[in-house]
1. Based on the alpha-carbon gyration tensor of region 310-375, what equivalent-ellipsoid semi-axes (square roots of 5 times the eigenvalues) come out, in whole Å, largest first?
2. By how many nm would the segment from GLU116 to GLU299 grow when fully extended, if each residue of separation counts as 0.36 nm and the alpha-carbon distance is taken off?
3. With Rg and the Kirkwood Rh both taken from Cα atoms, where does Rg over Rh land for region 197-330?
4. TYR216: net charge of surrounding residues, Cβ under 13 Å, Lys/Arg +1, Asp/Glu -1, itself excluded?
5. What ³J(HN,Hα) values, in whole Hz, does the Karplus curve 6.51 cos²θ - 1.76 cosθ + 1.60 give for region 189-204 when θ = phi - 60°, with x put for Gly and Pro?
6. Report, in deg cm²/dmol and to the nearest 500, the calculated mean residue ellipticity at 222 nm for the chain, where each DSSP H run with n ≥ 4 adds -39500 (n - 2.57) and the sum is divided by the residue count.
7. Select from THR129, CYS339, VAL49 the residue farthest towards the positive end of the dipole of the chain; place +1 on Cβ of Lys and Arg, -1 on Cβ of Asp and Glu, and compute about the Cα centre.
8. What order do you get for PHE85, PHE188, PHE284 when you list them from fewest to most C-beta neighbours inside 10 Å?
Amino acid sequence: MQFRDLKTQYAVLKDEMDKAILDVVASSAYVMGPKIKEMETAFAEYVGVKHCIACNSGTDALLLALKVWDVKPGDAVFVPSFTFFASAEVIAMQGATPVFVDVDKDTFNMDVADLERKIEQTLKRDKLTPRVIIAVDLFGLPADFKAIRKVAEKHNLFVLEDGAQGFGGRIGNQKACTFGDISTTSFFPAKPVGCYGDGGAVFTDNDEWAALLDSYHIHGKGNDRYDNVRIGMNSRLDSIQAAILMVKLKAFAAHELEYVNKVAARYTELLHDVVKTPIVPEGFYSSWAQYTLQLENKEVRSGLQNALKALDIPTAIYYPIPMHRQTAFNYLCLDENRCPVSDQLADTVISLPVHPYLSEEDQDRICEAVRQYLGK
Ligand SMILES: *Cc1c(COP(=O)(O)O)cnc(C)c1O
């Protein structure tokens, strides 16, 4: 059994995929070929935003957004402690200070009451200028952007949506990757829409920022490629990945997103009476980058992980170390107890295999094994 079955997905898409890849190979337009514009247009249309700028990774996408807003030393950027390292890493890469915010134990997303507390603390205690809130759509579920937007307006902060895991999610009819002033996603293979390597994208409605993003992702180019007007990066998406993503987006929109939601709903139906299953708030729709259970404690969790492993059922721990405890952030000299929910989740979460091609037989086997281990 695979944790995220990309082999089966390839088998399903093979004919179309092979042709898309070989067409790029034959065209020899490997970098910034016509496929890039095509892909950017398709992804912008899908989420419902004016501009999509494809780049080399979800990490670069976040970094590019911070560059556009000139986030720099002395600035504070608020980010959940319970996330993938890249969400916070980019803040430090710009020389700014990450301020870690705790998360909600039901949604795994930023706790807006704690966000307010951390902003007040930053204003009172630290000689930092609050600039940006990075809200992460963890495990596929959009963050509480209505509440986050209110706080952002009150304190005059930018909202950056880290939709690396959130692509395809919704609040009401509005799609993920449109909730930030700038939003980003990742096309790492295991994300809801993945390519066959690294890739990412930045989304915005703002024309001026879109022009800056375009410049920053190609060496700070001006009107001409050899006229460089700012210090940028080399962060282009490969044409071959753009072609792959066109095939993937089509399948995602046609059936994959719907199927993965069916798989998740079935897990909840089969498991909610024996273990804490994920909660999707009213009006929200998840793209199920992960399906994550919460166990009683670390011992029960590792017991379950071992029991499933013995049955050849893969699981994963996202994430075992919250940001405020990462060695790389030791220099911030943070209060150990600043994000208790993140600490608790790091000890108790476990993610089960979830993807659009998970068979009912495999899912039954997983659920039986979980129930049996929990003695129910
Ligand atoms: C994967 C991920 C990223 C980084 O994306 P890459 O494409 O791997 O650079 C950033 N934030 C979150 C929440 C992620 O899950």
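None of the figures in this text is laboratory data; all of them are computed from the coordinates on show. Computed from a predicted structure; not experimentally measured. With ideal geometry, Cβ positions are generated from the backbone for all residues, glycine too; neighbour counts draw on all protein chains shown.
1. 34, 13, 9
2. Contour length minus the Cα-Cα distance gives 62.5 nm.
3. That ratio is 1.10, to two decimals.
4. Cβ neighbours under 13 Å give a net charge of 0.
5. Taking θ as phi minus 60°, the curve returns x, 8, 6, x, 10, x, 9, 9, x, 8, x, x, 8, 10, 10, 7 Hz for region 189-204.
6. Mean residue ellipticity, 222 nm, calculated: -13000 deg cm²/dmol.
7. THR129
8. Ranking PHE85, PHE188, PHE284 by Cβ neighbours within 10 Å, fewest first, gives PHE85, PHE284, PHE188.
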